[in-house]
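Report on one structure; see the data block that follows.
The values are calculated or read from the model by the stated rules, or taken from the named source; none is laboratory data. Treat the numbers as computed from the prediction; the structure is a model and nothing was measured. Please note: Cβ atoms are built from the backbone with ideal geometry, for glycine as well, and neighbour counts cover all protein chains shown.
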Amino acid sequence: MSESAGGDPSRIIQLIMTLRRQGITDGKVLGAIERTPREVFVEAAFEGQAYENSALPIECGQTISQPYVVAFMTAKLGVSDRMKVLEIGTGSGYQSAVLARLCRRLYTVERYRTLLREAEARFARLGLTNITSRAGDGTKGWPEQQPFDRIIVTAAASEVPTLLVDQLKTGGIAIVPIDVPASQATSQGSGQMLAKITKTDDGYTREDLIAVRFVPLVDGVAREL
């Protein structure tokens, strides 16, 4: 794997300091972010904003998540270097690249072939060889490769995605944005809640974490763009 983050070291350090101030203390997660050059994953027009702590637009009407959200989700996932991880929503590949530095093998599914091709080129450029990717319907997961130790979903589900949770090992964890019912949205301050789902012998448990904003989780594979 590539060990060099590239880009402007001062901007990278500033981002890491910002994440620490916001409560991200996991040294392995911060190290993975420090070694992942975010400017590689953003559109050329936004390279100057690559290390700002904000989400940015990418192709196909999607976004690259705010670094804080990437760091928070990764920390809550609790990944180790012996784990097999499933990611739903490859997008730009930034979250994938961060996870790949922490896990044994990452499987990632993207419904937009355009985004997937670009992400795969970035993985090759950075020497990330432990990522297996495919175009597909993320709502169905990757049944052929189950069970997974961890699952991360980078789009908002309407409810707990039990089809994905079923692909976890018992004790495995999924981090998923989930729509908040309209009756609760005002009090929650957001239409979505990031949830930590832990698979148990007889189902799952859910812990709500923070309010978030993601694009919706959509079934099917998008028409070629």
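So which residues in segment 38-60 are part of a loop (DSSP other than H, G, I, E, B) and either of a type in the set (A, V, I, L, M) or farther than 20 Å from Glu110 by Cβ (or both)?
Val42, Ala50, Tyr51, Glu52, Asn53, Ser54, Ala55, Ile58
Considering every residue within segment 22-33, establish whether at least one is over 21 Å from Thr154 (Cβ atoms) and in a loop (DSSP other than H, G, I, E, B).
Yes, segment 22-33 has at least one match.
Taking segment 209-225 as the search range and keeping residues that are assigned to a loop (DSSP other than H, G, I, E, B) and at pLDDT 85 or above, which one is farthest from Gln62 (Cα to Cα)?
Asp219
When only residues in segment 178-195 that are small (Gly, Ala, Ser) and touching an Asp or Glu at 6+ places or on another chain (Cβ under 8 Å) count, which is modelled with the lowest pLDDT?
Gly191
Only one of these is free of Cβ contacts under 8 Å to residues at least 40 places away in the same chain, out of contact with any helix residue (DSSP H, G or I) (no Cβ under 7 Å at 6 or more places or on another chain) and hydroxyl-bearing (Ser, Thr, Tyr): Thr132, Thr108. Name it.
Step by step, each of Thr132, Thr108 is checked, and only Thr132 is free of Cβ contacts under 8 Å to residues at least 40 places away in the same chain, out of contact with any helix residue (DSSP H, G or I) (no Cβ under 7 Å at 6 or more places or on another chain) and hydroxyl-bearing (Ser, Thr, Tyr).
Quick one: which residue in Gly203, Gly138, Gly171, Gly220 is without any contact (Cβ under 8 Å) to a residue 24 or more places away in the chain and of a type in the set (Gly, Ala, Ser)?
It is Gly203.
Given the conditions (1) surrounded by 18 or more Cβ atoms within 10 Å (Cβ to Cβ); (2) over 25 Å from Ile197 (Cβ atoms); (3) touching a Ser or Thr at 6+ places or on another chain (Cβ under 8 Å), which single one is not true for Tyr51?
(3)
Gln49 is checked against (1) closer than 20 Å to Ile131 by Cα; (2) out of contact with any Asp or Glu (no Cβ under 8 Å at 6 or more places or on another chain); (3) not hydrophobic (A, V, I, L, M, F, W, C) and fails just one. What number does that condition carry?
Exception for Gln49: condition (1).
Could you please find all residues in segment 46-80 being over 19 Å from Leu15 (Cα atoms), touching a helix residue (DSSP H, G or I) at 6+ places or on another chain (Cβ under 7 Å) and polar (S, T, N, Q)?
Result: Gln62, single match.
Consider segment 203-221. How many of its residues are touching a strand residue (DSSP E or B) at 6+ places or on another chain (Cβ under 7 Å) and over 22 Å from Asp137 (Cβ atoms)?
Looking only at that region, the number is 9.
Residues Ile58, Ile33, Ile12: which one is crowded, with 21+ Cβ neighbours inside 10 Å, under 19 Å from Leu116 (Cβ atoms) and of a type in the set (Val, Ile, Thr)?
That would be Ile58, the only listed residue that is crowded, with 21+ Cβ neighbours inside 10 Å, under 19 Å from Leu116 (Cβ atoms) and of a type in the set (Val, Ile, Thr).
Can you list the helices (runs of 4 or more DSSP H) lying wholly within segment 61-177 that have 2 or more residues being crowded, with 19+ Cβ neighbours inside 10 Å, among the polar types (S, T, N, Q) and modelled with pLDDT of 95 or more?
In segment 61-177, the matching helices (runs of 4 or more DSSP H) lie at 94-100.
What's the number of the only condition in (1) without any contact (Cβ under 8 Å) to a residue 24 or more places away in the chain; (2) more than 26 Å from Ile24 (Cβ to Cβ) that Arg113 fails to meet?
Among (1) without any contact (Cβ under 8 Å) to a residue 24 or more places away in the chain; (2) more than 26 Å from Ile24 (Cβ to Cβ), the lone unmet condition for Arg113 is (1).
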